[in-house]
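The values are calculated or read from the model by the stated rules, or taken from the named source; none is laboratory data. Computed from a predicted structure; not experimentally measured. Every residue, glycine as well, gets a Cβ built from its backbone with ideal geometry; the counts of neighbours run over all protein chains shown.
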Amino acid sequence: MKIRLIPIALLLMLPAMTYGAPRKRAAAVNPEEVLEQAREAFAAYNTELAQEKIAKLRTVKNLPDEEAVDMLESQVDRMESMMQRVDAIEVIDSLTVSRADFFSNYRLSPAAGYILSPDDLENSFSAAEGSTVYMTENGNIMIWATDEGLAESHKLTDGTWEQASMLGDALNAGGTASFPFLMPDGITLYYATDGEDSLGGYDIYVSRRNGEEFPAPQNLGMPYNSPYDDFLLVIDEETGAGWFASDRNSPGGDVTIYVFVPSETRVNVDVDDPNLASRARLSDISLTQTDKDYSGLLSRINSIDPGAGAADNTPDFEFVMPDGRVLTRWDQLRSERGRRLMENYIDSLADFQAEEQNLENLRLQYGRGNKNVASTILKIEKQLKTSEEQLKSMSNRIIEAESK
């Protein structure tokens, strides 16, 4: 057997040939830079890239701003979940306006109520700066934001307002509730809060009154909400249009008001839609539209004067006389007796309507399987029949007093 000899020169070269040049160290991660990149990806609705950047941050020992990373990660996870359920609403119009008094651009029918400035509140009430006040069509209920959450007050028969009552901390959802709108049913409340479950800034939520309380709210998801401020959602059942405001696609100091067509049943955008992110972001509202003709709806909206306020047109009450006259103000009552009777009538009517609403809520509970409320339903139905007869009698006495 032959032994092959390797020259010493070649042996001396083996270490270099085996190991090569020294490896370069990986570049150090700049946490501030990567965090900013993650935020930019989140703002662009690119959850995959945002998660990739966050994972990179998790490799950094002694991360300087771990709390900010934790918060962003929660928001990214929330966005990813919401992207699976983007409401397929049709946004038929939008306008960009100054954030100051932006609500004055909402063209609402009187039936939807009134959006007012905190300056329109009674002097005895305090309101959060930069928010709005909601007043019902009849001018008898106001809901507004304070520094602690939403407050409510009812107008008394003498024209003054009762002491404000808070609507409960549940609506704050870890933040401070603001920008309220109450549907005409008196139950459904839309509002915004900057709570723990928001995508960032204000998100729009809904809660439905259960008796005297508003339970924990639901986040409306996308496209209503975004990583920016989204607020003051209003649904005008008379015109058939919905409104909400956002600063997501607006330059500094401005907001965009979106006009959309609400639907009774939520239908989500297909998760495989190539325009899913754009529809969630509302970067191009034409992507939300179908071939339906909404010119009639837009015409109805544009015929409404957005500057028409509630101050001079809000009736104190409405009472129809046999001759066709409709009494709406206290100074239209001719007699002192008529005024006293009207005060009692209005109080009794308010109690009657509240009991009617209570009955409706109980019937809903019964329909959902709660049979324990059956006896209460029967009792209230009987009481309402009696109350209805009493209201008719009181109405006749008012007519008699005002006809003399």
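Conditions (1) surrounded by fewer than 12 Cβ atoms within 10 Å (Cβ to Cβ); (2) touching a Pro at 6+ places or on another chain (Cβ under 9 Å); (3) farther than 30 Å from Asp119 by Cβ, marked per residue:
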{"site": "Pro274", "(1), (2), (3)": "yes, no, yes"}
{"site": "Arg281", "(1), (2), (3)": "no, yes, yes"}
{"site": "Ile285", "(1), (2), (3)": "no, no, yes"}
{"site": "Thr290", "(1), (2), (3)": "yes, no, yes"}
{"site": "Ser295", "(1), (2), (3)": "yes, no, yes"}
{"site": "Asn302", "(1), (2), (3)": "yes, no, no"}
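Quick one: in region 34-62, which of the residues that are outside any loop (DSSP other than H, G, I, E, B) and touching a residue at least 60 places away in the same chain (Cβ under 8 Å) is farthest from Leu72 (Cα to Cα)?
The extreme case among them is Ala43.
Could you list, in sequence order, the residues of region 163-205 that are more than 17 Å from Asn225 (Cβ to Cβ) and either in a loop (DSSP other than H, G, I, E, B) or free of Cβ contacts under 8 Å to residues at least 12 places away in the same chain (or both)?
Listed by number, the residues that qualify are Gln163, Ala164, Leu167, Gly168, Met183, Pro184, Asp185, Gly186, Ile187.
For every residue, the table says whether it meets (1) free of Cβ contacts under 8 Å to residues at least 60 places away in the same chain; (2) within 15 Å of the chain's Cα centre (by Cα); (3) part of a loop (DSSP other than H, G, I, E, B).
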site: Ser226; (1), (2), (3): yes, yes, yes
site: Ile257; (1), (2), (3): no, yes, no
site: Asp272; (1), (2), (3): yes, no, yes
site: Leu287; (1), (2), (3): yes, no, no
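Which of (1) at pLDDT below 90; (2) in a helix (DSSP H, G or I); (3) surrounded by 14 or more Cβ atoms within 10 Å (Cβ to Cβ) is the odd one out, the single condition Asp331 does not satisfy?
Result: Asp331 passes all but (3).
Can we say Asp101 is more than 21 Å from Ile285 (Cα to Cα), acidic (Asp, Glu) and out of contact with any helix residue (DSSP H, G or I) (no Cβ under 9 Å at 6 or more places or on another chain)?
yes
Of everything in region 108-119 that's surrounded by fewer than 17 Cβ atoms within 10 Å (Cβ to Cβ) and not small (Gly, Ala, Ser), which residue is nearest to Trp161 (Cα to Cα)?
Asp119
Is it the case that region 107-125 has a residue that's assigned by TED's automatic domain parsing to the domain that holds Ser198, basic (Lys, Arg) and over 18 Å from the mean Cα position of the chain (by Cα)?
no
When the residues of region 309-326 are filtered to those that are in contact with a strand residue (DSSP E or B) (Cβ under 6 Å, 6 or more places away or on another chain) and within 14 Å of Glu400 (Cα to Cα), which remaining residue is modelled with the lowest pLDDT?
Here the answer is Val320.
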